[in-house]
Structure formats: C-alpha cells, structure tokens
1. Can you tell me the order of 55-68, 91-104, 167-180 when each peptide is scored by its average per-residue count of other Cβ atoms within 10 angstrom, highest first?
2. Per residue of the stretch 167-181, in order, report the coupling 6.51 cos²θ - 1.76 cosθ + 1.60 (Karplus, θ = phi - 60°) as ³J(HN,Hα) in whole Hz, putting x for Gly and Pro.
3. Going highest first, how would you order 147-154, 11-18 by mean Cβ packing within 10 Å?
4. Find how much the distance from Glu74 to Glu240 grows on full extension, using 0.36 nm per residue of separation minus their present alpha carbon separation; answer in nm with one decimal.
5. Any idea what angle helix 26-42 forms with the longest principal axis of the chain, computed on alpha-carbon atoms, 0 to 90 degrees, nearest 10?
6. What is the angle, in °, between the Cα long axis of helix 200-209 and the longest principal axis of the Cα atoms in the chain? Nearest 10 is fine, range 0 to 90.
7. Among the aspartates and glutamates, which have Cα under 19 Å from the Cα of Lys245 when same-chain residues fewer than 8 positions away are ignored?
8. Which log10 I(q)/I(0) values does the stretch 110-259 give at q = 0.14, 0.15, 0.16 Å⁻¹ under the Debye formula, counting every alpha carbon as one identical point scatterer?
Amino acid sequence: MGWYASKGLPVEVNDSHQWSLRDAPDAVAVAAAFLAAYNAKKAGVSTYVAQYMFNNPRGTSPRNDLAKMSAKIELIEGLQNGSFRALREARTGLNSLPLDMDQAKGHLGSSIHTVMAIRPDIVHVVGYSEANYQVGPKELVESCRIAQGAIRNALLGMPDPLADEAVRARKAELLGEARFLLDEIRGIAEKGVPDPWTDPHTLARAVKMGILDAPHLFGNPTACGRTVTRMVEGASRAVEPSTGKALSEHERLRWLGIA
C-alpha cells in the first residue's frame, strides 16, 4: 500500500469480504474491514475505497447486511481526517447469485436496490450469470441495465431502512463485538510493539490463535480454523458445534481457549 500512497493513488483493500466468503462470523468481517482501512491510512493512503460486498455469506438477510455495512462504515469513516477519506463502493455478493438465470436477474436488482441505502459513491455491478459462467458482453450490458433501473427507482425516494430498530440493534451488537476483537488483538502484541494493528506478526498471530477465524481455514497451518458458524436469522454467527447454540465473540474466544 505504501507504493500506491507514494504515487497518490487510491487504494481498495477487499480483505473483509474475503473473510465472509469463508463463512466467518459477521463480527470478524467488521473488525477486518476496520483493520484494512486503518493499515491503509497508516501507510499514507489519502483516498481509500471501501468495498461493501452485500449478500455475503450466502443467505445473509438485507436487514443484517445493512447492519453489518453500517457498522463497517462507522468504524472506517471514523478514521477520516484532512489527509484520509473513504469512498463507499457497494456490490452484490459474488457467491449469492442463483443458478436460475431469471432468479439471478431478480436477485441482482433486489440487491442493488438494497445497497442504495448506504448511499454508495460507486456501484460495482456483478454480472447475473456469474453462478453459471463468466459474464460476457451481452450479460454485462444487461446487468448494468438492471442495476440502472434499480438505482433509478431507489433515487426516487425510499424509506430509510437504516432507521429500523432491528438494524440499529444489530449494528450496535456488531460494533461492540468488533471492538472487542480489536482489543484482543492489541492485547496479544509482544511488549514494545508500537502499533499492534499494523504489526504483521501480531496480526498473523491473531489468525493463528483464532481471534480472526473462519470455518474454511480449517486445515490451514497458518490459521486456527476451529470456529464453526451458521446462518442464524440472516446473520453469520459462531455456534457451539455440539449444540448449535449461537455464541457471542467473547464466548467464541473462550470456547477456543483464548479469552
């Protein structure tokens, strides 16, 4: 990132949704979103493009999506000052599109309408055919037209879903859990480390210990991979494997033997 910063180029880091693509708990994705932006700022980046991938993991509800993205936005944009600004880029989840092409078109339009609630600076259009094959010129143009229609309707004016009490409550929960994870990362740093959130060894240790973890990392020698998650009412939550009981992040780390 330092090289891009030295050239005055915008930087986009997609670390957060990579965690969600591996079925991480939503709180891990929120913490990862902050860490990516924080490291960009510390590297001297002046314009940061924060990509918000909706529908990720597959099965995420629009309500939980908006809560999760609102939490990410609050943490990332809280870093803004005169030398660092963050742009919002929103997109449909790559892994969320149905195989049925007609349903995929409907899913794309619905998703784009939902993402407009966060008032993105950039809309990243995903081709509706991606579940079947790589998008071609025909599908690309058609997908953009679907997105254009959804955007046009949203801009006519719609109720603010971010004011929904359930969205606000879930956002507050995710902010609390993400901040807890960030504090845990800071707490495992070796003595003398000036900034644990930018220290490669500390961050690698956080992944190895499982502070930052995802089920798809099971078997990876550099990660923990013991965390188990389930979609619970449209949210990706850690669960106790034997009972399926949803766990808070504090409970998850305690189950892993960390906290």
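What follows is calculated from the coordinates using simple rules that are stated; it is not laboratory data. Model, not experiment: these values are computed from the prediction. Here the Cβ positions follow ideal geometry from the backbone for every residue, glycine too, while neighbour counts run over all protein chains shown.
1. Values: 55-68: 22.0, 91-104: 17.4, 167-180: 19.2.
Averaged packing, sorted descending, gives the order 55-68, 167-180, 91-104.
2. 3J(HN,Hα) across the stretch 167-181, in whole Hz: 5, 5, 5, 5, 4, 4, 4, 5, 4, x, 6, 5, 5, 4, 5.
3. Numbers: 147-154: 15.8, 11-18: 19.1.
Packing proxy ranking, top to bottom: 11-18, 147-154.
4. Gain on extension, Glu74 to Glu240, equals 56.8 nm.
5. Relative to the chain, helix 26-42 is tipped by roughly 80 degrees.
6. The angle comes out at about 90 degrees.
7. Output for Lys245: Asp23, Asp26, Glu173, Glu177, Asp213, Glu233.
8. -0.94, -1.00, -1.03
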